[in-house]
Amino acid sequence: MLTRKSYFKGHSYTADGKKVSDDYIKQLLVDLLSIDDPLNSEFFYKTLGSKKLAAIFRHKYKLITKRFID
């Protein structure tokens, strides 16, 4: 029987090396998805894929997100 590789929680850090909880990153995503004003520049972040969102987290929030696959 074939099994799919499962995803585990990743490891995320700040730019200075401190570990960041997954709950904090989830809250950032919820906050970004809750923006309903098209005049807000962050409104269009919800249309981006994971690589571009990771770049935004890296530049705006100084977070380094990593996802590992087993």
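Computed quantities for the displayed model
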read-out: Tabulated pairs, the range 34-47, first free of Cβ contacts under 8 Å to residues at least 24 places away in the same chain, second open to solvent by 80 Å² or more (accessible area, probe 1.4 Å) and in a loop (DSSP other than H, G, I, E, B), C-beta under 7 angstrom, 6+ apart or interchain; value: none
read-out: Candidate set: the range 58-70, residues that are among the charged types (D, E, K, R) and part of a helix (DSSP H, G or I); chosen: the one most open to solvent (accessible area, probe 1.4 Å); value: R58
read-out: Tally, over the range 15-57, of residues that are more than 11 Å from the chain's Cα centre (by Cα), loosely packed, with under 10 Cβ neighbours inside 10 Å and assigned to a helix (DSSP H, G or I); value: 2
read-out: Given (1) acidic (D, E); (2) modelled with pLDDT of 85 or more; (3) closer than 14 Å to T65 by Cβ, index of the condition D37 fails; value: (3)
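The values are calculated or read from the model by the stated rules, or taken from the named source; none is laboratory data. None of the values given here were measured: they were computed from a predicted structure. Please note: Cβ atoms are built from the backbone with ideal geometry, for glycine as well, and neighbour counts cover all protein chains shown. Quick note on the areas: whole protein, heavy atoms, side chains included, nothing else; ligands and nucleic acids left out. Shrake-Rupley method; radii C 1.70, N 1.55, O 1.52, S 1.80 Å.
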